[in-house]
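J.: Input: one structure, supplied below.
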Amino acid sequence: MELKRVCFAYKNKVVYDDLNLSIPENKITCVLGPSGCGKTTLLNIIGGVLPFNGIIEGKGTVAYIFQQPCLIPSMSVEKNVEFVLKNVTKNKKERKNKVKEILKAVGLTDAADSYPKQLSGGMAQRVSLARAFCYPADVLLMDEPFKELDISLKKQIYSLFSELYGKSPKTTVFVTHDIEESLIFGDKIIVMKDGKIAGEFLCDKNFSLEEKNAVKENILSLI
């Protein structure tokens, strides 16, 4: 996916002025930067939520994973996941089978009939993951989806996300404040500052600790 000459202003504040960014296909691009640098705005531009000037090439369909799970309170876990498939297939049996399969993958088969208010934070975020990976999207946008989880839950959700992504890789833009998180997941790490790209780093999951620390030091020097 390519962003070319992207410009966006909110009221009288220019957020992006001629932003150009290459996002590798079926890889995870992590976006780091201080609050207010335009990270979430970038996701909203790619997702079609905000109007902008410029071009986005190779986008395709989009799925979101938010900070908060954003589940529909009046729908069960099963119905929350099935909801995203309504316009994908009219075959109800096919939808049910897809939902059953993804709920099994995230360990929520027994919670299929539960409602959002009955779920723990970790369970709710697992529903959010199930919904995103059930939908046949080309692009996955993630806005600090693990920020509200405690350390033990993060480890569980990290593992689950890695498993789901391994089976169904997507072109992913992952906004985070957590450098360690970007080193865990990122194939490419973008550092943003004042609406501009301050640095870009390629990261390999097989990097040694020394190599990861070198990338981390470079990132810290830019933030």
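The values are calculated or read from the model by the stated rules, or taken from the named source; none is laboratory data. In this text, all values refer to a predicted model and were calculated from it rather than measured experimentally. So basically every Cβ, Gly included, is an ideal-geometry build from the backbone, and we count neighbours across all protein chains shown. Areas reflect the complete protein model, heavy atoms only, side chains present, ligands, DNA and RNA absent. Shrake-Rupley method; radii C 1.70, N 1.55, O 1.52, S 1.80 Å.
Condition check ((1) under 17 Å from the mean Cα position of the chain (by Cα); (2) part of a helix (DSSP H, G or I); (3) over 20 Å from Gly47 (Cα atoms); (4) hydroxyl-bearing (Ser, Thr, Tyr)) across all residues:
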site: Gly166; (1), (2), (3), (4): yes, yes, yes, no
site: Glu181; (1), (2), (3), (4): yes, yes, yes, no
site: Ile190; (1), (2), (3), (4): yes, no, no, no
site: Ile197; (1), (2), (3), (4): no, no, no, no
site: Val215; (1), (2), (3), (4): no, yes, yes, no
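J.: One residue is enough: does the range 90-105 have a residue meeting the conditions closer than 16 Å to Phe161 by Cα and among the acidic types (Asp, Glu)?
T.: The first filter runs over the range 90-105 and keeps only residues closer than 16 Å to Phe161 by Cα, leaving 101-105.
If we keep only those that are among the acidic types (Asp, Glu) as well, we get 101.
Yes, that holds for at least one residue.
J.: With Lys155, Lys188 as the choices, which residue is open to solvent by 60 Å² or more (accessible area, probe 1.4 Å) and of a type in the set (Lys, Arg)? Lay out the reasoning, then the answer.
T.: Values: Lys188 fails: open to solvent by 60 Å² or more (accessible area, probe 1.4 Å).
Being open to solvent by 60 Å² or more (accessible area, probe 1.4 Å) and of a type in the set (Lys, Arg) holds for just one of Lys155, Lys188, which is Lys155.
J.: Can you tell me which of Leu42, Leu71, Leu32 is surrounded by 15 or more Cβ atoms within 10 Å (Cβ to Cβ) and under 20 Å from Arg95 (Cβ atoms)? Don't jump to the end; show me each part of the working.
T.: Working: Leu42 fails: under 20 Å from Arg95 (Cβ atoms); Leu32 fails: under 20 Å from Arg95 (Cβ atoms).
Result: Leu71 is the single residue among Leu42, Leu71, Leu32 that is surrounded by 15 or more Cβ atoms within 10 Å (Cβ to Cβ) and under 20 Å from Arg95 (Cβ atoms).
J.: Collect the residues in the range 6-26 that are open to solvent by 30 Å² or more (accessible area, probe 1.4 Å) and either within 21 Å of the chain's Cα centre (by Cα) or at positive phi (or both), keeping them in residue-number order. I'd like the intermediate steps shown before the answer.
T.: Taking the range 6-26 and keeping what is open to solvent by 30 Å² or more (accessible area, probe 1.4 Å), we get 7, 9-14, 17-18, 20, 22, 24-26.
Once the filter is applied, which keeps residues that are open to solvent by 30 Å² or more (accessible area, probe 1.4 Å) and either within 21 Å of the chain's Cα centre (by Cα) or at positive phi (or both), the range 6-26 yields Lys11, Asp18, Asn20, Ser22, Pro24, Glu25, Asn26.
J.: Out of (1) free of Cβ contacts under 8 Å to residues at least 12 places away in the same chain; (2) under 20 Å from Glu25 (Cα atoms), what's the single condition that is false for Cys134?
T.: If we test Cys134 against (1) free of Cβ contacts under 8 Å to residues at least 12 places away in the same chain; (2) under 20 Å from Glu25 (Cα atoms), just (1) comes out false.
J.: Determine the pairs where a residue that is free of Cβ contacts under 8 Å to residues at least 60 places away in the same chain, located within the range 79-98, has a partner that is crowded, with 17+ Cβ neighbours inside 10 Å and β-branched (Val, Ile, Thr) with Cβ atoms under 8 Å apart, the partner being 6 or more residues away or on another chain.
T.: Filtered contacts from the range 79-98: Asn80/Val127; Val81/Val99; Val81/Ile102; Val81/Val127; Glu82/Val99; Leu85/Val99.
J.: Collect the residues in the range 37-71 that are under 19 Å from Val14 (Cα atoms), of a type outside the set (Gly, Ala, Ser) and assigned to a loop (DSSP other than H, G, I, E, B), keeping them in residue-number order.
T.: Within the range 37-71, Cys37, Val49, Leu50, Pro51, Phe52 meet the criteria.
J.: Just wondering, is there one or more residues in the range 162-180 that are touching a helix residue (DSSP H, G or I) at 6+ places or on another chain (Cβ under 8 Å) and over 23 Å from Ile23 (Cβ atoms)?
T.: Within the range 162-180, not a single residue is touching a helix residue (DSSP H, G or I) at 6+ places or on another chain (Cβ under 8 Å) and over 23 Å from Ile23 (Cβ atoms).
J.: Among the listed residues Lys196, Lys205, identify the single one that is within 22 Å of Met1 (Cβ to Cβ), surrounded by fewer than 15 Cβ atoms within 10 Å (Cβ to Cβ) and touching a strand residue (DSSP E or B) at 6+ places or on another chain (Cβ under 9 Å).
T.: Details: Lys205 fails: touching a strand residue (DSSP E or B) at 6+ places or on another chain (Cβ under 9 Å).
Of the residues listed, the single one that is within 22 Å of Met1 (Cβ to Cβ), surrounded by fewer than 15 Cβ atoms within 10 Å (Cβ to Cβ) and touching a strand residue (DSSP E or B) at 6+ places or on another chain (Cβ under 9 Å) is Lys196.
J.: Please specify each residue of the range 26-78 satisfying the condition of being touching a residue at least 24 places away in the same chain (Cβ under 8 Å), over 26 Å from Leu108 (Cα atoms) and hydrophobic (A, V, I, L, M, F, W, C).
T.: Across the range 26-78, the qualifying residues are Cys30, Val31, Leu32, Cys37, Leu42, Leu43, Ile45, Ile46, Leu50, Phe52, Ile55, Ile56.
J.: Also: Given the residues Leu85, Leu103, Leu71, which is the only one that is over 30 Å from Glu200 (Cα atoms) and touching a Pro at 6+ places or on another chain (Cβ under 6 Å)?
T.: Numbers: Leu85 fails: touching a Pro at 6+ places or on another chain (Cβ under 6 Å); Leu103 fails: touching a Pro at 6+ places or on another chain (Cβ under 6 Å).
From the options Leu85, Leu103, Leu71, the qualifying one is Leu71.
J.: Scan the range 79-104 residue by residue and report those that are within 20 Å of Tyr64 (Cβ to Cβ), in a helix (DSSP H, G or I) and open to solvent by 40 Å² or more (accessible area, probe 1.4 Å).
T.: Lys79, Phe83, Lys98 - these are the residues of the range 79-104 that are within 20 Å of Tyr64 (Cβ to Cβ), in a helix (DSSP H, G or I) and open to solvent by 40 Å² or more (accessible area, probe 1.4 Å).
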